[in-house]
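Following: one structure in structure tokens, then a few remarks.
The values are calculated or read from the model by the stated rules, or taken from the named source; none is laboratory data. It should be emphasised that the depicted structure is a prediction, and the values quoted were computed from it without experimental measurement. Here the Cβ positions follow ideal geometry from the backbone for every residue, glycine too, while neighbour counts run over all protein chains shown. Accessible surface is based on the protein model in full, side chains and every heavy atom, while ligands, DNA and RNA are left aside. Shrake-Rupley method; radii C 1.70, N 1.55, O 1.52, S 1.80 Å.
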Amino acid sequence: MSNYLMHMMARVGMSEPLSRSMLQHAKLVSYEPEQPIWKKGDTLDYWQLVIEGLVVASAPKGDGERMPMFIYGNHTWFGEQSILNRRPTALDYHAACDVQAMRLPAALMVQALDREPMFLKRVASMVSWRAEMSADTLALMKFGSPAMRVVMGLGLFTEALASHSERPPTIGFDGGLEIPVTQAVLARLCGVSRTLFSEYLQQLAANSWVRIGYGKLEVQSIGTWQRFLRCLRRDSVSLGTATIEDLLMQLDVHAVV
């Protein structure tokens, strides 16, 4: 575990001496499904790393529901924005399934940013890309048709998980990727009913873009999904009128060959 944590800290630009120093203050924690990690208005005393599981950051709505904004999977850091802004979090964070995580004291993280230029550069890059991803998600949830919410939502989640939410989506990916949560959870993340989510998912499965398993979903050919998302970001696409047939055709157009 120590070697793994050292590697995770090195990947975000911490030097070996800093990583060893940080490791002395690290604490392993676990969360159960749907357990709150932070609530809107909380002060974040820790920067956290998902070792295994999924954490969702969402904006609470007045009706008691939550609008998902970001998903953090295995080997992904989270919580840095509120720490850097020195403001209470504007989002709720909760575990989407069983989560194993590591905490680092926020005060030590801020001190490290002052001392280590490479760490500062990596965190700044991470914050910039995550802000762009949040903007994409917000537009999707506000203006997207139900089909667009499901298809683009799965694409955004896949992209975040494949890249550990740390680097811009210009680096190619391929193969498949497993999202280890139920369809009910994914439907909530996409902002649609369980019935509607299942309907669109079956059509994606029939076209071999996803593989449905018990309590999990495997997204196929993530390189194609990456090209699909790049097209949506680059071109003027009507989020509100896209049908599942339109989106399946777009996936076919951007198939990795």
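Along the stretch 110-117 the Karplus relation, 6.51 cos²θ - 1.76 cosθ + 1.60 evaluated at θ = phi - 60°, assigns HN-Hα couplings of 4, 4, 5, 4, 6, 9, 10, x Hz to successive residues, with x for each Gly and Pro.
Using Stokes-Einstein with the Kirkwood hydrodynamic radius over Cα pairs, what translational diffusion coefficient do you get for the stretch 1-154 at 10 °C and a viscosity of 1.306 mPa s, in µm²/s rounded to a whole number? Translational diffusion coefficient: 98 µm²/s. Averaging the sequence gap over all C-alpha pairs within less than 8 Å and six or more residues apart, then dividing by the number of residues, gives the chain a relative contact order of 19 percent.
As an exercise, identify the GluC sites (Glu not before Pro) in the stretch 1-106 lying in DSSP coil whose Cβ has no more than 14 other Cβ atoms within 10 Å. Please list the in-between numbers first.
Numbers: sites: E34, E52, E65, E80; in loops: E34, E65.
Those satisfying the criteria are E34, E65.
Of the residues P117, N74, P88, the one whose Cα sits farthest toward the positive end of the charge dipole of the chain, with +1 on the Cβ of Lys and Arg and -1 on the Cβ of Asp and Glu, is P117. When a/c reaches 1.5 or more, the comparison of a/b and b/c decides; with that in mind, is the stretch 1-59 rounded, prolate or oblate per its Cα gyration tensor? Since a/c reaches 1.5 and a/b is larger than b/c, the shape of the stretch 1-59 is classed as prolate.
Where only protein heavy atoms count, and the probe is 1.4 Å, what is the accessible area per residue for the chain in Å²? Mind dumping the intermediate values first?
On the way: 12140 Å² over 257 residues.
I get 47 Å² per residue for this part.
Quick one: pull the percent of accessible area on the chain belonging to carbon and sulfur, 1.4 Å probe, ligands and nucleic acids left out. Don't jump to the answer; show the numbers that get you there.
Details: 6200 of 12140 Å².
Carbon and sulfur: 51 percent of the exposed surface of the chain.
For the stretch 28-105, the square roots of the Cα gyration tensor eigenvalues, ordered a ≥ b ≥ c, give a/c of at least 1.5 with a/b no greater than b/c, which places it in the oblate category. Counting every C-alpha pair in the chain, the share spaced more than 28 angstrom apart comes to 33%.
What does the charge dipole of the chain about its Cα centre add up to, to the nearest 20 debye, if the Cβ of each Lys and Arg holds +1 and the Cβ of each Asp and Glu holds -1?
On the way: 25 positive and 25 negative charges, 113 e Å.
I would put it at about 540 debye.
Is the C-alpha gyration tensor of the stretch 35-78 telling us rounded, prolate or oblate? Criteria: a/c under 1.5 is rounded; beyond that, a/b larger than b/c is prolate, otherwise oblate.
Values: a/c = 2.69, a/b = 1.51, b/c = 1.78.
Verdict is oblate for the stretch 35-78.
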